[in-house]
Amino acid sequence: MVKIKFCGAAGGDVTGSKHLIKTDSGEVLLDCGLAQGKRSESLEKNRNIPIDFEKLSAVILSHAHIDHTGAAPILVKNGFSGNIFLTPLTAELSRIMLLDSARLQYEDAKFYNKIHQEEGDKIEPLYDEDDAIKTTSLFNTRDRREFFSPIKGIQAGFLNAGHVLGSSSVLLEVEGERILYTGDIGRSNQIFLKSPELGKNIDWLITETTYGNREHGDIKDIENEFSNIINEVYNEGGKIIIPSFSLERTQEIIYIIDRLKSSKKIAEIPIYVDSPMSVRITDIFNKNLDELDFSNEFKKYAISDKDPFGYEYIHYLSSVEESKRLNDKKGPMIIISASGMCEGGRVLHHIRNAIDDDRNILLIVGYQAANTLGRRLKEGAKKVKIFGLSHDVNFRVKSIDFFSSHAGRSDLLSYVKGISPKKGVFLVHGEDDARTSFSELLKENGFKNIYLPKYCEEFNLK
Ligand SMILES: [Zn+2]
């Protein structure tokens with residue numbers, strides 16, 4: 001018997017990836033992501049994970065994003081003590097990100113409980129820092145192509161997924177069935193990672209479909225657009241505030257700025273990276289410049305430039321005092337800070353500080369989910385609330401849509417064609433429009449047995 005149960009990132013959800021492989025000798029979970037989005041729904045999904053913890057023997061994590069790893073401490077809190085397999089870089093990044101997730105939940109609960117004090121409504125964090133640390137002690141790292149057996153009867157291995165540093169697709173061989181789970185897969189043409197590897201002789205493919213109905217802008221225009229914005233603000237003495245995700249997006253932006261600086265396409269403008277997590281993650285990237293995940297073009301650049309993340313001239317700030325001092329400094333300057341959707345973190349202070357002045361620019365470089373401050377600003381709000389206080393929006397808001405670490409629609413199609421699964425394709429990690437539209441595209445291209453699993457739906461693979 002081989003079954004798969006879709007316990008998250010199914011039924012139109014993009015977050016909370018959890019796919020359970022059930023066999024006679026035990027159960028293995030592919031990814032254990034935190035459900036995010038609307039509070040009440042995600043809380044319910046995170047509190048009641050539809051998995052029998054006693055039967056679960058091992059977990060395999062594809063990459064360090066919280067929507068793929070952030071519920072692992074919930075398993076551990078409930079008694080799970082098996083192996084968690086992942087690549088060494090995913091382990092290194094996840095150690096930082098899981099602790100951060102525990103801290104965010106603590107802050108989030110504290111804030112929620114304060115504003116709901118009168119109604120007596122209270123929430124508890126899903127887990128604390130100790131649970132996150134216990135989770136990382138179960139990490140069991142495996143290099144790509146180093147085949148391993150998570151439980152008796154299953155062989156597993158990691159393929160490069162080209163999504164973020166360390167990210168992998170997971171190949172499983174169970175009772176003669178070859179199953180490939182993409183995790184999240186990157187684009188064919190990226191800023192500094194290699195394109196994803198294809199698996200061979202695959203029976204069943206479980207693929208993400210985040211951009212199943214959309215394409216991305218062409219990456220080759222990115223340097224021009226970036227340098228125009230930087231030079232314009234420099235001449236006016238303004239500030240560019242860039243809210244950015246700490247993993248990958250921040251490093252991509254720094255690398256592009258470094259290229260622009262080396263080729264003298266931008267003025268000498270002071271640059272600050274103001275987020276402790278971004279600073280630590282950039283250090284991991286910088287320590288691993290020879291990592292196989294990086295494209296040859298990036299490696300060549302890194303060797304000739306010697307400092308692709310600009311340590312010689314970028315101010316990497318960790319302490320709160322350094323961050324506060326930045327508020328008193330006058331432009332021109334670029335501030336790259338988290339969180340990526342302006343929902344919390346130091347970027348809020350910088351936005352509050354810059355919002356009055358029309359010389360300043362808020363530069364949006366990533367996806368902004370509905371109901372976030374980033375989304376409201378991107379959509380042209382004239383007035384916003386920050387820390388409960390109302391502000392007129394006088395700074396200009398620009399957005400650059402080239403960045404994405406997910407394969408677009410045509411990349412996804414080439415990927416599925418390249419793998420050409422013999423028995424079936426499961427579409428997960430996509431909103432319903434994206435899944436339906438991509439499923440039509442696959443049918444037009446001759447694929448059969450395409451499934452759009454619902455939340456908790458189970459299928460027999462053998
Ligand atoms: Zn991801």
### Task
Please work out which residue is surrounded by the fewest Cβ atoms within 10 Å (Cβ to Cβ), limiting yourself to segment 275-312 and to residues that are β-branched (Val, Ile, Thr) and farther than 25 Å from His349 by Cβ.
Ile303
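Within segment 19-46, track down each residue that is in contact with a helix residue (DSSP H, G or I) (Cβ under 9 Å, 6 or more places away or on another chain) and under 21 Å from Gly82 (Cβ atoms). Spell out the reasoning first.
Start the filter on segment 19-46 by keeping residues that are in contact with a helix residue (DSSP H, G or I) (Cβ under 9 Å, 6 or more places away or on another chain), which leaves 29, 31-36, 39, 46.
Scanning segment 19-46 gives Leu29, Asp31, Cys32, Gly33, Leu34, Asn46.
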### Query
Taking segment 367-394 as the region of interest, how many residues are hydrophobic (A, V, I, L, M, F, W, C) and touching a residue at least 60 places away in the same chain (Cβ under 8 Å)?
1
### Query
So which residues in segment 269-292 are touching a helix residue (DSSP H, G or I) at 6+ places or on another chain (Cβ under 8 Å) and either in a loop (DSSP other than H, G, I, E, B) or farther than 26 Å from Leu93 by Cβ (or both), if there are any at all?
Ile269, Ser275, Asn288, Leu289, Asp290, Glu291
### Task
Taking the residues in segment 170-216 that are polar (S, T, N, Q) and within 12 Å of the ligand (Cβ to nearest atom) as candidates, determine which candidate is nearest to the chain's Cα centre (by Cα).
Thr210
### Query
How many of the residues making up segment 50-69 are within 16 Å of the ligand (Cβ to nearest atom) and of a type outside the set (Gly, Ala, Ser)?
8
### Task
Identify all residues within segment 388-408 that are under 18 Å from the mean Cα position of the chain (by Cα) and open to solvent by 60 Å² or more (accessible area, probe 1.4 Å); write none if there are none.
Asp401
### Message
On the basis of being at pLDDT 95 or above and farther than 15 Å from Glu173 by Cα, does Val59 make the cut?
### Response
yes
### Condition check for Val233: open to solvent by less than 10 Å² (accessible area, probe 1.4 Å), touching a residue at least 24 places away in the same chain (Cβ under 8 Å) and away from the ligand (no atom under 16 Å from the Cβ)
yes
## Note on the structure
Cβ pairs under 8 Å, 6+ apart or interchain, first in segment 447-462 and without any contact (Cβ under 8 Å) to a residue 60 or more places away in the chain, second part of a loop (DSSP other than H, G, I, E, B), ordered by first then second residue, are Asn449/Lys423
### Message
I'm trying to understand the selection: among the residues of segment 70-80, which are more than 16 Å from the ligand (Cβ to nearest atom) and of a type in the set (A, V, I, L, M)?
### Response
Ile74, Leu75, Val76
### Odd one out for Ile335, checked against (1) open to solvent by less than 50 Å² (accessible area, probe 1.4 Å); (2) over 22 Å from the mean Cα position of the chain (by Cα)
(2)
### Task
May I ask you to list pairs of residues, at least six apart or on different chains, whose Cβ atoms are under 8 Å apart, with the first in segment 54-69 being more than 9 Å from Asp31 (Cβ to Cβ) and the second being near the ligand (Cβ under 8 Å from one of its atoms)?
Ala64/Val164; Ala64/Ser167; His65/Val164; His65/Asp184
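Any residue at all in segment 99-109 that is without any contact (Cβ under 8 Å) to a residue 12 or more places away in the chain and over 24 Å from Asp143 (Cβ atoms)?
No.
In segment 126-168, which residues are within 16 Å of the ligand (Cβ to nearest atom) and not aliphatic (A, V, I, L, M)?
The initial filter retains those residues of segment 126-168 that are within 16 Å of the ligand (Cβ to nearest atom), namely 158-168.
Phe158, Asn160, Gly162, His163, Gly166, Ser167, Ser168 - these are the residues of segment 126-168 that are within 16 Å of the ligand (Cβ to nearest atom) and not aliphatic (A, V, I, L, M).
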### Task
Could you figure out which of (1) more than 16 Å from the ligand (Cβ to nearest atom); (2) modelled with pLDDT of 95 or more; (3) among the aliphatic types (A, V, I, L, M) isn't true of Leu98?
(1)
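The values are calculated or read from the model by the stated rules, or taken from the named source; none is laboratory data. Nothing here was measured: the structure is a model prediction, and the numbers come from that model. Positions of Cβ are generated from backbone atoms using ideal geometry, with glycine treated the same way; all protein chains shown enter the neighbour counts. Surface accessibility is based on the protein's heavy atoms, side chains included, excluding ligands, DNA and RNA. Shrake-Rupley method; radii C 1.70, N 1.55, O 1.52, S 1.80 Å.
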